[in-house]
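What follows is a single structure, written as structure tokens, with notes after it.
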Amino acid sequence: MIVVTEQAALQIQDMIKQADEGEQFVRLAVKGGGCSGLSYGLGFEPEASENDEILTFHGVKFIIDKQDAPVLQGVKIDYKQSMLGGGFTIDNPNAIATCGCGSSFRTATNQGTPEQC
């Protein structure tokens, strides 16, 4: 369904350790908004719900709402480090358009709810 690189998983493991809240899930979500209509959500949650799929990558447990799964099919999450710092990247093969700042997208089947940037 999705791919999480080892570098991204290691960064997430470090973040979980720093949060010191015990075992956490990482929720990958899609919500309406942004210039192109859809945007990603990535954050920690203490537990999964019955409507979630649970996927494990390099020891990190991700949860994805089954409703978001079609839009996230084939997504690759990576972590890139540069001289200016680091950050997560999300490459979505389903995205047919993205905004100029790269924080929102739309797919052929889901245009979301675009907002002013």
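Things worth noting here:
- Hits in the range 1-11 (condition: open to solvent by 70 Å² or more (accessible area, probe 1.4 Å) and either in contact with a His (Cβ under 8 Å, 6 or more places away or on another chain) or over 23 Å from N92 (Cα atoms) (or both)): E6, L10
- You will find that of D91, D68, the residue that is among the acidic types (D, E) and surrounded by 16 or more Cβ atoms within 10 Å (Cβ to Cβ) is D68 and no other.
- The range 12-31 - residue that is under 14 Å from the mean Cα position of the chain (by Cα) and not hydrophobic (A, V, I, L, M, F, W, C) and, of those, least open to solvent (accessible area, probe 1.4 Å): R27
- So V60, is it farther than 20 Å from G33 by Cβ and of a type in the set (A, V, I, L, M): yes
- Unique match (being of a type outside the set (V, I, T) and either more than 14 Å from V4 (Cα to Cα) or in contact with a strand residue (DSSP E or B) (Cβ under 6 Å, 6 or more places away or on another chain) (or both)) among G41, G74: G41
- Count - residues of the range 65-94 that are touching a residue at least 24 places away in the same chain (Cβ under 8 Å) and of a type in the set (G, A, S): 3
- Across the range 36-65, the qualifying residues are those that are at pLDDT 95 or above and among the charged types (D, E, K, R), and the one among them that is most open to solvent (accessible area, probe 1.4 Å) is E50.
The values are calculated or read from the model by the stated rules, or taken from the named source; none is laboratory data. Predicted model only: the values in this text are computed from it and were never measured. We place every Cβ from the backbone using ideal geometry, glycine too, and count neighbours over all the protein chains shown. Quick note on the areas: whole protein, heavy atoms, side chains included, nothing else; ligands and nucleic acids left out. Shrake-Rupley method; radii C 1.70, N 1.55, O 1.52, S 1.80 Å.
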